[in-house]
Amino acid sequence: MTPSHFVALAAILFVIGAVGVLVRRNAMVIFMCVELMLNAANLAFVAFARQHGSLDGQVIAFFVMVVAAAEVVVGLAILMAIFRARRSASVDEANLLKY
Amino acid sequence: MTGSLAAAAVAAPAAARAVAHAVAAPATTTLPAVGVQRSAWLLLVFPLAGAAILLLGGRRTNPFGHIVGVAMPAASFVYGAIAFFAMLSYPASQRSRDVHMFTWIAVGRFHVDAGLLLDQLSISFVLLITGVGSLIHLFAVGYMSHDPERRRFFGYMNLFVASMLLLVLANNFLLLYAGWEGVGLASYLLIGFWQFKPAAAVAAKKAFIANRVGDAGLSVAIMLMFATFGTVSFTGIFSRPGAAGNGVLTAIGLLLLLGACGKSAQVPLQSWLLDAMEGPTPVSALIHAATMVTAGVYLIVRSAPIFDLSQNARLAVTIVGAVTLLFGAIIGSAKDDIKKALAGSTMSQIGYMTLAAGLGPAGYVFAIAHLIAHGFFKAGLFLGAGSVKHEMNDEVDMRRLGGLRTIMPITFVTFGIGYLAIIGVPPFSGFFTKDPIIQAAFDKGGTSGAILGTAALIGAGITGFYMTRVMLMTFFGERRWDEKAHPHEVPPVMTSPMVVLAIGSAGAGAFLILANRYVNFLGPLVGFPPPARGLFNWISGATLALVLVGVAIAWAMYGRRPVPAVAPAASFPRTAAPRALYGDAFNESVLMRPGQWLTRLSVYFDNRGVDGLVNSLAAGVGGTSGRLRRTQTGFVRSYALSMFVGAVLLVGAFFLVGI
């Protein structure tokens, strides 16, 4: 179980999350993919902390989780507001801010 | 001084064919003024105060406006006479006096004082301007008596007198330039006095613009003088004129000549003088006969030390003088308007003065003597023409005059005396003042002297012709008047100035030239001409003969045959001369049209070039932004994709750089 395995897993998770953000239409699913990306980053941080033998990576992981939580709060609030107005959670349909 | 003069007198007859030499002026020292001359600023203050009272006081001053208008130049004349007699009490080498008024400009190296220079040259001009000027002002009281704007007229005339006095009294070139511009302004205001006449307004504009060309030359000359000598005052420049190189001196001389041409209506800036006759006749008499047009000659004689060191500039001056004297004579022979004929005569006589001034010390004294005599007889002639015009309901076309000598006897006699003076019949003025100029021209020697002298001789003959023509058509012959004209002699307020001027016309020349009076007066300042070879020699005989030939031709053409009321058949001399020898056409084709092309080209370049550059920049920015905004699709996933691609590129860049 070398750190490279964990980092490889984090990379795979990150890519899956990124593809999900780019491909999926439903806003909830995009949020979940963003969470996936954040967790992938967390995993990478912790793996490197284990490798260096310091706690810095784990502390940063805490910060990342706090940021993720705050972001979810705000994002879900925006999604709720859009859903109430438009009866649809598709991001493709919120395209009024264009030329 | 007398020793070298005697030596010249001995040398001249020793070689029969040798050219007698003029003696250059000794360096004059300028002393500060003492006694009564210290108040010389009064000369300026009187007419300036008159102008201020009349122009700023407005219609309230109408009742006494003309009295103020005449009194001010007269007061200046009284003071001028007092200063003149004070000057006569000084020895000849101490007559140049400086009156310091105040410091005008003191900026770094550039220091100009407002001061007056009272010397033989300026006092001669002061007496001429104020004396003849006061007489003309008195005439104008009668001439303009029916004009409701008479007060404004006298305001402008006083302004002119003040500016002209400033011009001749200034002790540095910048103050002279201030007076120069002032007389140009007064001339514009007075030519266009009857603004409601379009011809007068156009003539005023033409005079001012032609003057401006000359003024440009004068201002560049002053700038050159400051750059070369570091000062613009007369004493500063004339005490060491040799400090400048020959090329610079020639350039300064030629530019001064250009300024003189503009103000004195010499070729090539002569076209405005005949149009200036649109102004009231007192204006023509004062400004365009006796004083303003002589300012150019004053400038050249005043700058004598500069011209004495530059042969090329002097040659240019003589050529301009000779060409103009013939030009003016030819134009004056063809004009039917009596005032325009006299204007052509003025142009020609100033050509004589310019020719004399260009001959150097041999001619300066005679140029000024002729200037003074010309002031008398030309002013008298113009006032006579004004009287005729006043009585004939403003008729100036000589083809509709005639036979006036029995009806206006005083006018006829004074005009006749002026006529005899101008054509140079002894013992009247012209004979004494014009002949020395012709002699000095021949004495110059070589081909140039022969050509100049011959031109002056021919000019004298033509003078006889055109002046006799004016006399015959106006005062003799049958009456070709309009039915409504009832002329009679003009009132005494108009005849008395003419009488005084006639006395001056008759006697001024003899008074100045005989016994070398004026030569000894002005000579210490500008240089002595070679001693006269006696009053009657082959040159004066030839001049008189040519004049009589001119008179005879005019008598044959106009005295014996009835004057035609319609123009004769056209031939080149008959068409060229009335068109002022195509002066206006020349100005138009050489100066005006290229000027208009230049302005149109500039406007085109400004609209298409400069504006086009700025507009195309703006259009470019607008077009680019128009294309760029299409990236804002509103499609969120494409934004996400671009963010992702950017992040990948950034990481790749980091790997490349090696972080």
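The values are calculated or read from the model by the stated rules, or taken from the named source; none is laboratory data. Worth saying up front: this structure is predicted, and the values here are computed from it rather than measured. Cβ coordinates were reconstructed from backbone atoms using ideal geometry, including for glycine residues, and neighbour counts include every protein chain displayed.
Some observations on this one:
Residues are listed down the side, and each one gets a yes or a no for (1) in contact (Cβ under 8 Å) with a residue 60 or more places away in the chain; (2) touching a Ser or Thr at 6+ places or on another chain (Cβ under 9 Å):
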site	(1), (2)
B:Ile82	no, no
B:Trp104	yes, no
B:Thr130	yes, yes
B:Gly133	yes, yes
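- All positions within the range B:391-411 that are at pLDDT 90 or above and under 28 Å from the mean Cα position of the chain (by Cα): B:Thr411
- Test result for B:Ala199, surrounded by fewer than 24 Cβ atoms within 10 Å (Cβ to Cβ), of a type in the set (A, V, I, L, M, F, W, C) and under 30 Å from B:Ala106 (Cβ atoms): no
- Candidates B:Leu548, B:Leu525: the one that is closer than 17 Å to B:Ile422 by Cβ and not hydroxyl-bearing (Ser, Thr, Tyr) is B:Leu548.
- The criterion of being within 13 Å of another protein chain (Cβ to nearest Cβ) and farther than 24 Å from B:Val645 by Cα holds for A:Leu79.
- For the range B:281-306, residues that are of a type outside the set (S, T, N, Q) and within 18 Å of B:Leu117 (Cβ to Cβ) total 10.
- Any hit, the range B:200-211, residues being of a type in the set (Phe, Trp, Tyr) and over 17 Å from B:Trp104 (Cβ atoms): yes
- Residue in the range A:35-54 that is away from chain B (no Cβ under 14 Å), basic (Lys, Arg) and either over 30 Å from B:Thr633 (Cβ atoms) or touching a Phe, Trp or Tyr at 6+ places or on another chain (Cβ under 8 Å) (or both) present: yes
- B:Arg608 being among the charged types (D, E, K, R), farther than 30 Å from B:Pro268 by Cβ and either within 14 Å of chain A (Cβ to nearest Cβ) or in contact (Cβ under 8 Å) with a residue 40 or more places away in the chain (or both): no
- Listed conditions (1) in contact with a Gly (Cβ under 8 Å, 6 or more places away or on another chain); (2) free of Cβ contacts under 8 Å to residues at least 24 places away in the same chain are all met by A:Phe31, apart from (2).
- Among helices (runs of 4 or more DSSP H) entirely within the range B:546-623, having at least 2 residues that are modelled with pLDDT of 85 or more and exposed (fewer than 12 other Cβ atoms within 10 Å of the Cβ) singles out B:593-604.
- Candidate set: the range B:201-217, residues that are in contact (Cβ under 8 Å) with a residue 40 or more places away in the chain and of a type in the set (Lys, Arg); chosen: the one farthest from B:Met277 (Cα to Cα): B:Arg212
- Residue ranges of helices (runs of 4 or more DSSP H) in the range B:208-275 with at least 1 members within 17 Å of B:Ala313 (Cα to Cα): B:234-238, B:246-264
- Criterion applied to B:Val297, B:Val267, B:Val283, B:Val293 was being crowded, with 24+ Cβ neighbours inside 10 Å and either at pLDDT below 90 or in contact with a His (Cβ under 7 Å, 6 or more places away or on another chain) (or both), and the one residue passing it is B:Val293.
- Answer residue from the range B:390-414, given it is of a type in the set (Ser, Thr, Tyr) and part of a helix (DSSP H, G or I) and is nearest to B:Val500 (Cα to Cα) among those: B:Thr414
- All positions within the range A:69-92 that are in a helix (DSSP H, G or I) and surrounded by fewer than 13 Cβ atoms within 10 Å (Cβ to Cβ): A:Ala69, A:Ala70, A:Val73, A:Val74, A:Ala77, A:Ile78, A:Met80, A:Ala81, A:Arg84, A:Ala85, A:Arg86, A:Asp92
- So A:Val59, is it without any contact (Cβ under 8 Å) to a residue 24 or more places away in the chain, farther than 20 Å from B:Phe644 by Cα and either away from every other protein chain (no Cβ under 14 Å) or in contact with a helix residue (DSSP H, G or I) (Cβ under 7 Å, 6 or more places away or on another chain) (or both): yes
- So A:Val72, is it more than 14 Å from chain B (Cβ to nearest Cβ), among the aliphatic types (A, V, I, L, M) and either farther than 22 Å from A:Val15 by Cβ or in contact (Cβ under 8 Å) with a residue 24 or more places away in the chain (or both): yes
- Residue pairs whose Cβ atoms lie under 8 Å apart, sitting 6 or more positions apart in sequence or on different chains, and linking a residue in the range B:496-507 that is among the acidic types (Asp, Glu) to a partner that is buried (at least 18 other Cβ atoms within 10 Å of the Cβ), do not occur here.
- Residue selected from the range B:92-108 under the condition assigned to a loop (DSSP other than H, G, I, E, B) and touching a helix residue (DSSP H, G or I) at 6+ places or on another chain (Cβ under 8 Å), by the criterion surrounded by the fewest Cβ atoms within 10 Å (Cβ to Cβ): B:Arg95
- Residue tally, condition more than 9 Å from every other protein chain (Cβ to nearest Cβ) and not charged (D, E, K, R), over the range B:623-638: 6
- Answer residue from the range B:109-135, given it is part of a strand (DSSP E or B) and not small (Gly, Ala, Ser) and is farthest from B:Ala81 (Cα to Cα) among those: B:Phe110
- Checked against the criterion of being loosely packed, with under 15 Cβ neighbours inside 10 Å, touching a residue at least 24 places away in the same chain (Cβ under 8 Å) and not acidic (Asp, Glu), the candidates B:Ser89, B:Ser76, B:Ser39 yield just one match: B:Ser39.
- Exactly one residue among A:Val21, A:Val66, A:Val15 is surrounded by fewer than 17 Cβ atoms within 10 Å (Cβ to Cβ), closer than 28 Å to B:Arg637 by Cβ and within 14 Å of chain B (Cβ to nearest Cβ), and that residue is A:Val15.
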